[in-house]
Amino acid sequence: MSFPSPLAQPAHATPVSPPPAPPQRELPVPAPTGGRVVLWIVAILLVVVALGLAVYFLAFLGPVASIVSGVLALVPLALVLTATRIIDRWEPEPRGLVIFALAWGAVASVALALGVDLVISLITPGMSETFSAVVQAPVVEEIAKGLGVLLIFVAARRAFDGPVDGVVYGALVGAGFAFTENVLYFADSLITGGAESAAFTFFLRGILSPFAHVMFTAVTGYALGRLARTGGRGAAALGPWALGLVGAIGLHALWNGSTVFADFFVLYATLQVPLFVAFVAGVVVLRREEARLTRARLSDYAVAGWFSPAEVDMLATGRGRSRAMTWARSLPGDRASAMRRFIAEATALAAARQRVISGRDPHAAADERVFLERATRARRDVLAG
């Protein structure tokens, strides 16, 4: 059997025709799942741990170094969040999960890594710095970060639709971790070497390598995203998660090893930059596959008469969306917000329909009706007047 692209996945259930038009009523909201309760409990614990980390920073780094390094760390964080937003623009993830992923990386994974490192240092004192940097740090830190991505996959499965989602969640966790780690590195450089040392550390970590941790953990997210696209869930995630961790740990060890065993700047130019270019190219390919899937699923509704073929072209291409927004702004009353809702709801509808076809989500059919009604309401708002 052939597929439209190497990244396409086979269906795992008999395709179901799009549902009939729902009756006019107040827009329903998809029911929350038990996993969201788990995420809320973990989020509360993250707040407590974050307060503990803040006290630790102020006590051992001092308020001046903590504040200055925190401001410096915001620069690479802003770069990473901007790039992640561009990747996630096609089908934005829920804001709450975006914040959760960042918080897990910045708080939980750092606390876990520091705790494990402390235990290891007590059990095996005198461990070489080389082993710590090239082996211990990649293993401990990637597992700590990867646990956050796995938690999102298990507890918020309906918001984890495919590889792009996995890359986004992994990147956000990595960005959060890098932010807190940068605070520690910048503050240490400022305290021990002064402004000049802090500036050099900022150049290395904030300018040359702001996406390092993002790339590492994105590999773990990608592995879980591939599983999500095929309909896997629950315990089935452990194998792909472990495989993703192997890739993340390998990249992390290679990065750290370049500072120990080779000339960092030579290896940076000859290996790290090409790896980053390959990462960007891979994301572009995944985005195109996501657009292809959106077109395929919305075409089902075009066949059933819900959308016109021209609307499918508009909703399933970046150029079409851009032109649609420009046209909506030219309408009386500036209907850009309604067009934006139409695009967002239609994209969510396509993802819900893919879940219906794959058979991986028993709630997908109900979600499909919700998003279909919301999309048609948004379209009426665009055309009203």
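Only the coordinates and a few stated rules stand behind these numbers; no lab work does. This one's a predicted model, so the numbers in the text were calculated from it and none came from an experiment. Here the Cβ positions follow ideal geometry from the backbone for every residue, glycine too, while neighbour counts run over all protein chains shown.
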*For the range 293-383, report the translational diffusion coefficient in µm²/s to the nearest whole number, using Stokes-Einstein at 4 °C, 1.567 mPa s, and a Kirkwood Rh over Cα pairs.*
98 µm²/s
*On a 0 to 90 degree scale, rounded to 10, what angle separates helix 63-88 from the longest Cα axis of the chain?*
30 degrees
*In nanometres, what is the gap between the two model label sites at VAL47 and THR259, each 7 Å from Cα along Cα-to-Cβ?*
3.4 nm
*Do you know the relative contact order of the chain, to the nearest whole percent, from alpha carbon pairs under 8 angstrom that are 6+ apart?*
21 percent
*asked:* I need the phi-derived Karplus couplings for the range 94-108: 6.51 cos²θ - 1.76 cosθ + 1.60, θ = phi - 60°, integer Hz, Gly and Pro marked x.
replied: x, 4, x, 6, 4, 5, 4, 4, 4, 5, 4, x, 6, 10, 5
_Distance histogram in 5 Å bins (all Cα pairs of the range 237-355, percent per bin)_ = 2, 10, 13, 14, 12, 10, 9, 9, 9, 7, 4, 1, 0
*Dividing the convex hull volume of the alpha carbon atoms of the range 34-261 by its residue count, what do you get in Å³ per residue?*
124 Å³
*Multiply the residue separation of VAL119 and SER132 by 0.36 nm, subtract the distance between their alpha-carbon atoms, and state the gained length in nm to one decimal.*
3.4 nm
*Only Cα pairs under 8 Å and at least 6 apart count here; give the relative contact order of the range 203-329 as a rounded whole percent.*
17 percent
_Value of D in µm² per second that Stokes-Einstein yields for the range 93-215, Kirkwood Rh from Cα pairs, at 4 °C (1.567 mPa s)_ = 83 µm²/s
*Whole-Hz Karplus ³J(HN,Hα) for the range 216-221, in order, using 6.51 cos²θ - 1.76 cosθ + 1.60 and θ = phi - 60°, x for Gly and Pro?*
4, 6, 4, 5, 4, x
*Enter the angle in degrees (range 0 to 90, nearest 10) between the Cα long axis of helix 273-304 and the first principal axis of the Cα atoms of the chain, meaning the one along which they spread out most.*
20 degrees
*Where does the chain land on Rg(C-alpha)/(2.2 N^0.38 Å)?*
1.08
*asked:* Can you give me the angle between helix 238-260 and the longest principal axis of the chain, using Cα atoms only, in degrees from 0 to 90, rounded to the nearest 10?
replied: 40 degrees
*Given a Förster distance of 35 angstrom, what is the FRET efficiency for ASP334 paired with VAL38, based on the Cβ-Cβ distance and rounded to 0.05?*
0.30
*In whole Hz, with x marking every Gly and Pro, tabulate ³J(HN,Hα) for the range 158-172 from phi via Karplus 6.51 cos²θ - 1.76 cosθ + 1.60, θ = phi - 60°.*
6, 9, 10, 9, x, x, 5, 4, x, 4, 5, 5, x, 5, 5
*Can you give the charge dipole size of the chain about its Cα centre, rounded to the nearest 20 debye, using +1 on the beta carbon of Lys and Arg and -1 on the beta carbon of Asp and Glu?*
1560 debye
*Full-stretch length increase - ARG292, PHE60 - with 0.36 nm per residue and alpha-carbon distance subtracted*: 78.4 nm
